[in-house]
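One structure below.
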Amino acid sequence: VSIATNDSFAAIACERGGMAGEDVFVVRSAPRTDTFVIAPPDETLKQGFRYLIGYVGVIGQQEGMDLLVAAADHLVNRLGRRDVHFAIVGFGPHLPVVEADVAARGLGAHFTFTGPQYGEALLAWLNAADICVSPDPKTAMNDISTMNKVIEYMTLKKPVVQFDLHEGRASAGDAALYARSNDPHDFADKIVTLLDDPERRAAMGEIGRARVEQGLSWAHSAPRLLAAYDRVFEKRARQGRGPGKGKPASD
């Protein structure tokens with residue numbers, strides 16, 4: 001049995017891995033809507049700025065943080081949008097490089113690096129955001145990967161700006177605006193489009209939440225995970241190598 005995180009990886013399991021379709025189960029990584037809850041924004045987290053743009057995730061080379069900083073530079077220093085602040089929630093090996101890039105561009109006042117946040121603290125930052133971003137660049141790997149942060153944003157009714165990735169579109173649909181691949185200026189332009197259109201932001205947030213509730217939440221993935229285990233036990237029983245369906249083997 002193969003467990004895949006999305007349809008792209010399920011296709012690889014079948015086409016390249018030679019798996020039978022009935023032995024491949026798509027189990028998406030997604031938050032539980034009963035614990036990942038929407039709450040009123042804590043305006044103090046905006047630190048006096050009108051808008052807060054949120055990011056949560058790993059800060060490494062493949063996450064496109066250099067592109068996000070370049071987009072912020074264009075947004076603030078070229079387009080003159082000095083009413084925005086970026087909250088970068090997370091940690092990773094590339095954090096010192098990103099912090100240095102922010103400082104070199106004179107953007108220090110527009111960025112807060114929170115470090116790792118969990119539970120209520122994480123939710124507070126995301127609930128305070130007006131827009132959330134996923135700057136992962138278009139690469140062969142990213143194009144077929146589902147980003148956890150995008151689903152988390154959508155769960156909290158946050159409109160998303162991301163680059164145009166295949167699985168990114170499959171997850172977010174009309175809950176996101178899609179910048180040209182790896183173009184930080186267009187990424188900044190998409191942010192501006194949402195900053196200046198609160199009604200569109202609200203509508204996209206509703207679309208995202210509905211997509212989560214209708215198919216992307218953990219409530220929809222849990223039965224598929226259990227079905228994968230059931231399939232394992234079914235095949236073992238048929239081959240005479242273990243207990244029947246639904247009866248885990250003892251150690």
Assuming 0.36 nm per residue, please report the length gained on full extension of the stretch residue 19 to residue 32 beyond their Cα-Cα distance. 1.7 nm
Excluding residue 127 itself, what net charge comes from residues whose Cβ is under 15 Å from its Cβ, given Lys and Arg +1 and Asp and Glu -1? +1
If you plug each phi of region 135-152 into the Karplus form 6.51 cos²θ - 1.76 cosθ + 1.60 with θ = phi - 60°, what whole-Hz ³J(HN,Hα) values come out, in order, with x for Gly and Pro? x, 3, x, 6, 9, 4, 6, 4, 4, 10, 9, 9, 8, 3, 4, 5, 5, 5
To the nearest Å, what is the center-to-center distance of region 153-208 and region 85-107, using C-alpha atoms only? 22 Å
Can you give the relative contact order of region 73-191 as a percent, counting alpha carbon pairs under 8 Å and 6+ residues apart? 22 percent
Rolling a 1.4 Å sphere over the protein heavy atoms, what is the accessible area per residue of the chain, to the nearest Å²? 47 Å²
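Which whole-number percent is the relative contact order of region 1-146 (Cα, under 8 Å, 6+ apart)?
RCO, region 1-146: 30 percent.
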For the chain, compute the number of Lys pairs whose alpha carbons are separated by less than 29 Å, excluding pairs fewer than 8 positions apart on the same chain. 15
Under-5 Å amide H pairs with residue 179, H placed in peptide plane, nonlocal only: 162, 163, 164
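Which net charge results for the neighbourhood of residue 97, defined as the other residues with beta-carbon distances under 14 angstrom from its beta-carbon, given Lys and Arg at +1 and Asp and Glu at -1?
So the environment of residue 97 carries a net charge of -3.
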In Å, the C-alpha Rg and Dmax of region 131-231 are 14.5, 50
Per the 1/(1 + (r/R0)^6) rule, R0 = 25 Å and r from the Cβ atoms of residue 39 and residue 66, FRET efficiency to 0.05 is 0.20
Taking the alpha-carbon centre of each part, the distance from region 214-239 to region 15-83 in Å is 29 Å
Along each principal axis, Cα extent of the chain, largest first, Å: 69, 36, 34
Under the 0.36 nm per residue contour assumption, what length would be gained going from the current alpha-carbon distance of residue 239 and residue 182 to full extension? 15.5 nm
Give, as a single signed number, the net charge of other residues whose beta carbon lies under 13 Å from the beta carbon of residue 14, with Lys and Arg counted +1 and Asp and Glu -1. -3
With all distinct Cα pairs included, what does the Kirkwood hydrodynamic radius of region 1-130 come out to in Å, to one decimal, could you say? 17.1 Å
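The values are calculated or read from the model by the stated rules, or taken from the named source; none is laboratory data. This is a predicted model, so every value here is computed, not measured. FYI the Cβ positions are ideal-geometry reconstructions off the backbone, even for glycines, and counts take in every protein chain you see. Heavy atoms of the whole protein, side chains included, go into the accessibility calculation; ligands, DNA and RNA do not. Shrake-Rupley method; radii C 1.70, N 1.55, O 1.52, S 1.80 Å.
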